[in-house]
Structure formats: structure tokens, C-alpha cells
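Worksheet: one structure, shown below.
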């Protein structure tokens, strides 16, 4: 089978432009999620793929608050109405076609939507998938009693109407340009199972999910692995492997060792660490590549902590971060300096932001001018607040731990105390992260949803979960101008006008420094060379976005 990254002759820019005006359906590549002309299409699934993860998936209802590592499982178990391919082009999944203004699925004003669905899809328990499931899913997301991952976009949906079992329609309260991209990450859940639950937050389904995806749930052995089995009734491409196993290996060095020994077939979230890249390339029988990622590695600040209320403090910390040394000496040159959350390959990336250079004298001067005075122990203080904080990340990530130690020593030189308090992944990225219980965190965060530039979920004040909002603004950043710009950008369909808006958002966020960028991710992807059908996709948060296509070459 050909690599699906070559399925479109259109550039990413073309695709984004067309998507922004609701015309993506006219640019669709051959459907990744329908049956392809693959030689083994009629053969029974065979073989097993073991995916190594450095963090443990723990959230299996895809509509609930979760992190990137959970996506690896969600993409295999569930389907969405549409999916985003590696070229940034939307593809139909449960929908029969991608709705657009061109094909009449979206009205010219963007307010009325009508989606035709496939008529041959069944849930893993054999029940037919219908428009009722879509209606149930969209209504569940906005149920105030449900702990939804994100409600942005979905909260604008009104008057959902089941036209027929294979057609659904709704009205948008106001035009929302990113909504198609949001639907690409909105997995549909079964009404016939979840409607019976008094509390969907604690439903048995959440620990033994039933989807329409290429793989079915088998078991989870907590702290060790998750097993899925091929869904023989899947109507999309594949699956070609019989068993898909996600293996939890928290120590990054052990993860690499198991990849090198062959115990792991492919490495997903966490990937191969940069310090192993050069050696990994030489391991016989392995394919190791550098792929641009969509995430930003940064020091995430909890802006409700008194230490970080003042801009001068954030500026001083940023000036004291020798990012070039961190990338070159700790990350072996893998990763690129950036000043923004927008991925460098995005059409909406702003290249004109001021570049911060490492300068300890500037950092000290900023703190002196702001009245932060060193105490007897050398640590600065002001108004009874010591310039001291903890930094947390996942235990066992040796490169992050080295970076923490490096920053700890440098910050001490400007009168700042940073302690290190790392936690197991399931604890770190649970309520400690989601409910803003940290002082600072070292985290790789993806701000966009699929290829759309909207960052409301991460940057709007309404997305602060710790303050009762719905979203992932865990740094508790709040800026009225940014809120207004995000709202304007979400209602603007013209790509050039949108680019102006998101350029200004990036300027404002760069000035405010709610987080301190370390580098834009370059992922080191590794797999066995005879594992075919794999394609990287920077528009998703997981390398396992299309495991249905994987197969072993004979």
C-alpha cells in the first residue's frame, strides 16, 4: 500500500485555505478510512504490534478530560465524523462525505449544518451506528454534569435534528470556523450504552469502552499494558493486525532498550529521546526518522501563584533560560527554538516575534528594577513573597530531569530557587495538571486542534478548569484582548483575515509570557522496518492515529 502522506497533490497551504472557506471536500484525497485497494484486504488480520508508551493511558472515554497518551487508544477504538490526514486535509470517517459550503453540508453563513452518515457501520457489540449516536454524543459533551474534555465549539450547537438514521442536522448559535477540525477529534460514543447510566462520569463503559473503530477493547492490566483486538466488521481500512498492545514503560532509557531489543515494535508518546537518536539510526532492522511535531516544550507557569503575577519575573526567568545550550547539549540538537505556541509549519505561524537571548545580567536587572531583593539566603523576595517555586514533570524522563537540574543551577545565579518535584505520569497529568495544582510544569503541549489555529482550549479564560471552566488552560492565563481575538478568529472563515488575528494573538501571548518556550518539538519516531502502513501525522497528537493501516511485510 502506498504511504498515505502522498495521497494529495495539494499543499498544506492549499488545504488549509480550502478548509477555512468550507471547501475541503473538493480537495479530498482518496478516502483513508474506506477500503483501499490493498493486497491483503480480504485476508484475516494477523500478527501483533506492541506500541511502547512512556506514560500510562488511564482515560478511555474519549469525551472526558484526558492527555495525549490516551489518544493512542482512542484513535484505535473509536471513529469520528471526519479525520485529519497527514496533509492537513479532512477525510470522511463516519460521515459519508465532509460537509462543506460547496456541497451544501454547511450553509453560506456557516450557521446551518447537515451531515450524511455511512449506513454500514456497527458498534463493537453489533448494534447499528445511527444519527441518534451523533446527537447523543454532542448533547453529552455540553451536559453540565458531564466532565467533558472540551466544550468550545460544541456549546454553539443548537436544534440538533435526526433527519433519518443516516442524516443529522443542527444550527450554530454563531459561525465557528474551527468546528470541522474540532469534529475530527470528537469521537462518537454509543447512545444505547451510555443513555442507561445515571452518571456517565462513572459508567462502566469508561473502563471497558465500546466503539466503532478498527480495534475492540480486550483488557487493561494497570501499570503494564492495554490489549485491543481486530474488529473484523470494521467498514474502514483494515485492520490488518490481529492484536494491538500498548505497553507502559515509564523509564525512557528502558523504553529505548526495549525498542532496540525488539520487545517494542513502535514507540509512540514520549517517542525516542534525542540522546538515543544517533545510535538508534544504526540499529539493524529499525526505521528511525525525525518528524516535525505540533507540540511546544515549555516551562508552564501557574499564573495564580503570587511569584508569577508580575511580568518582570516572567521576563527574567525567560532571559535566564539558555535554550540553545539545552537543545544542543541535552537534546543533541533535536528541537528548534521558537517564541510561540504555533507550530513552525503552520500557515498561521508568526515569524516576526522578538527572539529572547540568554542574558543573566538582563535577568538580574529586571528583578532589581522590579524590587525583588535577595534575602540572607540569596533568594529574592518582595512583599513577603519569596521567589521560590517547584517544577514538576513525569518521573523517569531523563532529558527533562537534566533540563530541570540545568535550570535549577542557572536560576540560582539570579536569586531564584527552583525545587524539583516529579511525579508518575498518571499522577502528574491527572488533577495535579488539569486542575492547576502545580507551581510550574515542564510539559509538551499541543495548542491547536487538528490543523486549525484556534487555541481557545488552551488560552481563553473560559477554559480554566480550576475556576469552573471547560478546557485545558491549566496555566490560568487570562487576557481580555486575547479572549476577544480568539472569539473573533473562531468566527472568521477567510484564511488571510484569520492569519492577521492569530499573528496578533501570538504577539500578545509572547509579550505576556504565560509559559516560557524551550523548543518546538521534533519527534524521533522509531519502528521495525517490516512494519508497513505507518505514516506520521503532525495534525494529530499520536503516532498511532491510524493503526488500522499497519501490517507486517512478509
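Taking the 0 to 90 degree range and rounding to the nearest ten, how far is the long axis of helix 398-412 tilted relative to the main principal axis of the chain, both from C-alpha atoms? Long axis of 398-412 versus the principal axis of the chain: about 30 degrees.
How high is the FRET efficiency between residue 352 and residue 221 when r is their beta carbon distance and R₀ equals 56 Å, given to the nearest 0.05?
Given R0 = 56 Å and the Cβ-Cβ separation, E is 0.65.
Annotation: peptides 361-371, 540-550, ranked by per-residue average of other Cβ atoms within 10 Å with the highest first, follow the order 540-550, 361-371.
With the convex hull drawn around the C-alpha atoms of the chain, the volume per residue stands at 139 Å³. Between residue 155 and residue 311, the simple label model (points 7 Å from Cα in the Cβ direction) yields a spacing of 2.7 nm. Axis of helix 480-490 versus longest Cα principal axis of the chain: the two differ by about 20°, to the nearest ten degrees. Converting the Cα gyration tensor eigenvalues of the stretch 120-219 into ellipsoid dimensions via √(5λ) gives semi-axes, longest first, of 23, 17, 13 Å.
Between residue 481 and residue 162, the C-beta separation translates, for a Förster distance of 51 Å, into a calculated FRET efficiency of about 0.80.
With both labels modelled 7 Å from their Cα along Cα-to-Cβ, the residue 192 to residue 360 distance reads 6.8 nm.
For the chain, what is the mean residue ellipticity at 222 nm derived from helices alone (per DSSP H run of n ≥ 4: -39500 (n - 2.57); sum divided by total residues; nearest 500 deg cm²/dmol)?
Mean residue ellipticity at 222 nm (helix-derived): -6500 deg cm²/dmol.
Can you tell me the FRET efficiency between residue 199 and residue 500 if r is taken as the Cβ-Cβ distance and R0 is 51 Å, rounded to the nearest 0.05? Rounded to the nearest 0.05, the efficiency is 0.70. Equivalent-ellipsoid semi-axes for the stretch 293-522 (Cα gyration tensor, √(5λ), whole Å, largest first): 28, 19, 19.
Reducing the stretch 309-339 and the stretch 88-132 to their Cα centroids gives an inter-centroid distance of 44 Å. As a proxy for reagent exposure, ranking 87, 352, 435 by other Cβ atoms within 10 Å from fewest up yields 352, 435, 87.
Remark: relative contact order (the chain) = 21 percent; criterion is Cα-Cα distance under 8 angstrom and separation of 6 or more residues.
Note on residue 511 and residue 529: the model spin-label points, each 7 Å out from Cα along the C-beta direction, lie 5.4 nm apart. Helix 68-77 sits at what angle to the longest principal axis of the chain, using alpha carbons and giving 0 to 90 degrees rounded to 10? In the chain, helix 68-77 runs at an angle near 0 degrees to the longest axis.
Coordinate-derived values only; no laboratory data. None of the values given here were measured: they were computed from a predicted structure. Virtual Cβ from ideal backbone geometry, glycine too; neighbours counted across all protein chains shown.
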